[in-house]
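The structure appears below as structure tokens.
Any read-out appearing in this document is the output of simple, stated calculations on the displayed coordinates, not a laboratory observation. Predicted model only: the values in this text are computed from it and were never measured. Note: ideal-geometry Cβ built from the backbone for every residue, glycine included; neighbour counts use all protein chains shown.
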Amino acid sequence: MRPGAGRIYCEHVRRRSWAFDIAIAVVVAGSGLAEAVWGINATHRQGPVPAEAAVYVITGLLLVIRRIAPLTCMTAIVVVSVVEFALFGAPEGMGVALPGAIGAYSTGRYVDRGRSWWGLVQIAALWLAWDLFDPVVTTPLIRLQQLGWASPWLVSWLVGALVCSQALHAVQRRSARAEREARSVVEERNRIARELHDVIGHSVSVMTVTASAVRRRLTPEQAEERRALETVEAVGRDALRDMRRMVGMLRQDDEEADREPTPGLAQVDPLIRKFREAGLPVEYRVSGLDGALPAGLDLTAYRVIQEGLTNALRHAVDPRRILVDVSAGDGLVIRIRDDGREDVRRDAEPGHGLLGMRERAALYGGTLRAGPVRDGGFELVARFPGPFTGEPRDPADPRDPEELR
């Protein structure tokens, strides 16, 4: 157990479980007292009533610490019971069976796997003392039959161990899912870095080439302007060289993808044709775009549409219509909605692709929401702050958007 974990666990127990454990202890002690005094649920009473009542009450009240110190609780139950059995003989009934069963469950449930096996040793010691000091047991056959009295304790320990294993498995599943999500986010960020390198590198190249072209047109008298433009060229070339060096290692595993031009909304039509060929009834609608989007946002918009259609292809069952709607004005809104029946896997946990799209949206101050809609189907909506009045741009076109107007 990690340092401090026990303290945190005990604080958790104090906050939420003390009342429940106290209630259990009081009920068990009360039922044991009733058994000792009035014989309720008793199979065989043995020894003085005060002694039998005392062992039942003490072992019942020990259950108060069953959660914060399960091994100590079970050990104390065994010791108190064995001492009373040795002095006055072992009684039979729920007063003996119930504290041992709850203590055994707590040992299997709340003790780590490496030490919980001591619970079986404690169960064996309790049963052995019970069997040896029970005056009703007079023959070897009866003694052998008494093994059945250990089964409630053993079953309780097994149930506790099973519940503990399921709880640990749930924690491990959550941890593994968090690790996969974190790895997916890192991979998507690497991909964003590669793609932004292309976008920014192209822009810096255009700036550098433009500065060089203007410098060549200067007259000999414009020495100061020439020096300024030469500085711009040098800084631009240094920036490109530094970007290639920093992003170069990210390209090693994705060289094939790097040969493709950086996509944008101008490439959405070919993308949609591929999904239509795969059997999706996709409808594409664009409104409000009458100029150029920023290159990085253009790329992000393409990736959001690509992920939304991929999500529909994987999880939408028998969709009749999938609408891809892109609208611009005060902001850019991308909406992908299908009317297919839900695949249960889509509701199980967020897809890693959607996590990556949220990273991309956040990069431009946007948001991305995905989930089932009230009247059936699934919807992905990405919103980016504007204003944007852009027209889909071909990223392979080296000309500045102003030159295209």
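Would you mind computing, in nm to one decimal, how far apart the modelled labels at ALA239 and ALA19 are, each placed 7 Å from Cα along Cα→Cβ?
Once both label points are built, they end up 6.3 nm from each other.
Taking 7 Å along the Cα-to-C-beta vector as the label spot, tell me the ASN41-ARG321 distance in nanometres, rounded to one decimal.
Those two pseudo-labels are separated by 6.5 nm.
Once you put a point 7 Å from the Cα of THR367 and another 7 Å from the Cα of ILE65, both along the Cβ direction, what distance in nm separates them?
5.2 nm
Given a Förster distance of 60 angstrom, what is the FRET efficiency for VAL209 paired with TRP118, based on the Cβ-Cβ distance and rounded to 0.05?
0.20
How would you order 304-317, 152-165, 35-48 from highest to lowest mean count of nearby Cβ atoms within 10 Å? Walk me through the numbers before you get to the answer.
Numbers: 304-317: 20.2, 152-165: 18.2, 35-48: 16.3.
By packing density, highest mean first, the sequence is 304-317, 152-165, 35-48.
What full-extension length gain, to one decimal in nm, is calculated for ARG177 and ARG227 as 0.36 nm per residue of separation minus the Cα-Cα distance? Kindly include the intermediate steps, with their values, before the conclusion.
Numbers: separation 50, 0.36 × 50 = 18.00 nm, distance 5.59 nm.
12.4 nm is the gain from fully extending ARG177 to ARG227.
Quick one: which of 106-112, 277-283, 22-28 comes out on top by average Cβ neighbours within 10 Å, and what's the full order, highest first?
Values: 106-112: 21.9, 277-283: 13.6, 22-28: 16.6.
Descending mean neighbour count gives 106-112, 22-28, 277-283.
Please order GLU221, GLU84, GLU181 by the number of other Cβ within 10 Å, starting at the fewest. Present the calculation step by step, with values, prior to reporting the outcome.
Numbers: GLU221 8, GLU84 24, GLU181 16.
Placing the least packed residue first, the sequence is GLU221, GLU181, GLU84.
Fewest to most neighbouring Cβ within 10 Å: what's the order for GLU224, GLU187? Kindly include the intermediate steps, with their values, before the conclusion.
Working: GLU224 9, GLU187 14.
With the fewest neighbours first, GLU224, GLU187 line up as GLU224, GLU187.
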